[in-house]
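See below for the structure under consideration.
Just so you know, all these numbers are worked out from the coordinates, no wet-lab data involved. If you're wondering where the values come from, they're calculated on a predicted model, not measured in any experiment. Cβ placement follows ideal geometry from the backbone for every residue including glycine, while neighbour counts extend to all protein chains displayed.
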Amino acid sequence: MKVLIVFAHPEPLSFNGALFETAIATLQAAGHTVVTSDLYRLGFNPVSDRRNFTTAQDPDFLKLQAEELHAAEAHTFAPDLEAEMAKVEAADLMIWQFPLWWFGVPAILKGWVDRVFAMGRAYGGGRVYDTGLFQGKRALLSLTTGGPEGAYAPGGFNGDIQSILRPIHRGMLEFTGFQVLAPQIYYGPVRVDPAQREAWLQAWTQRLQSIETEVPIKVGPY
């Protein structure tokens with residue numbers, strides 16, 4: 001299996017960094033091919049603009065979707081963007097490793113989606129959801145929160161974590177055709193002791209050792 005891990009945390013020595021490194025080592029040991037996009041270390045530019053393209057269909061007025069379609073047909077996406085698109089297209093499984101910030105993904109990861117999930121390459125022509133261009137691929141969110149688990153329970157202080165993740169699961173992943181695996185969530189790692197963090201890493205290892213047999217969840221329409 002070919003796996004892409006997209007890592008979005010500014011500190012490689014963080015618990016997110018440990019989860020990232022654990023995933024790489026575990027999946028490689030299981031015989032899978034692992035490719036990574038360590039967005040902060042890559043210096044990935046999250047701003048979607050004309051730098052996405054090496055040519056312009058309309059140099060006087062920027063309509064991103066029109067330019068994306070043109071670039072998809074003419075093979076004129078910028079090299080850094082083309083490299084990321086190729087990683088997604090080659091992957092059987094994509095894992096996003098990130099901290100939950102402001103009830104969503106970090107800006108650098110949202111910008112990666114804005115640029116990489118381009119019309120003509122990730123969706124378009126009626127190819128969305130069950131007929132999406134990434135049909136047959138699977139995706140998994142692995143994330144940390146700042147607050148404790150109870151704060152993200154139904155009726156909790158911050159609201160149900162599944163509802164918080166729904167715009168990502170449904171609006172980004174299922175929309176483009178991915179089958180979604182159950183998220184891997186670590187609540188408040190900064191508030192637990194090293195033994196608990198080590199237990200979490202071991203549980204992550206165990207899950208990844210048989211990840212290819214997991215059954216996707218169904219997020220579905222509202």
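Summary of values
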{"quantity": "Computed over segment 2-213: relative contact order in percent, which uses C-alpha pairs under 8 Å that are six or more apart", "calculated": "24 percent"}
{"quantity": "Separation in nanometres of the label points that stand 7 Å from Cα toward Cβ, at ALA107 and GLU149", "calculated": "3.3 nm"}
{"quantity": "Those residues of segment 152-179 whose amide nitrogen sits under 16 Å from the label point placed on VAL128, 7 Å along Cα→Cβ", "calculated": "167-178"}
{"quantity": "Helix axis angle, 194-209 relative to the chain longest principal axis, alpha carbon, degrees", "calculated": "50 degrees"}
{"quantity": "Net charge dipole size for segment 2-213 [Lys, Arg +1 and Asp, Glu -1 on Cβ; Debye, nearest 20]", "calculated": "260 debye"}
{"quantity": "Residue-wise HN-Hα coupling along segment 74-84, computed from phi with Karplus coefficients 6.51, -1.76, 1.60 (Hz; x: Gly, Pro)", "calculated": "9, 6, 10, 6, 4, x, 5, 6, 4, 4, 5"}
{"quantity": "Scaled radius of gyration (Cα, divided by 2.2 N^0.38 Å) that segment 25-110 gives", "calculated": "1.31"}
{"quantity": "Furthest towards positive pole of dipole, TRP96, ALA66, ILE185, structure part segment 65-186, Cβ charges", "calculated": "ILE185"}
{"quantity": "Net charge of Cβ neighbours under 13 Å - reference ARG50; Lys, Arg +1; Asp, Glu -1", "calculated": "-2"}
{"quantity": "Under-5 Å amide H pairs with MET94, H placed in peptide plane, nonlocal only", "calculated": "LEU4, ARG138, ALA139, LEU140"}
{"quantity": "Within the chain, longest stretch free of exposed trypsin sites (Lys or Arg not before Pro) [DSSP loop, at most 14 other beta carbons within 10 Å]", "calculated": "64-217"}
{"quantity": "Length added when fully stretched, SER210-VAL35, from 0.36 nm per residue minus Cα-Cα", "calculated": "61.2 nm"}
{"quantity": "Hz values of 3J(HN,Hα) by residue in segment 180-187 - Karplus curve (6.51, -1.76, 1.60), Gly and Pro given as x", "calculated": "9, 8, 4, x, 9, 10, 10, 8"}
{"quantity": "Answer label for Cα extents along the principal axes in Å (calculated), chosen among (i) 53, 43, 29; (ii) 57, 40, 32; (iii) 51, 36, 35", "calculated": "(ii)"}
{"quantity": "Entries in LYS63/LYS137; LYS2/LYS218; LYS87/LYS137 that, when Cα-Cα distance is taken, lie over 20 Å", "calculated": "LYS63/LYS137; LYS2/LYS218"}
{"quantity": "Segment 112-211 - Debye-derived log10 I(q)/I(0), Cα point model, q = 0.12, 0.19 Å⁻¹", "calculated": "-0.52, -0.99"}
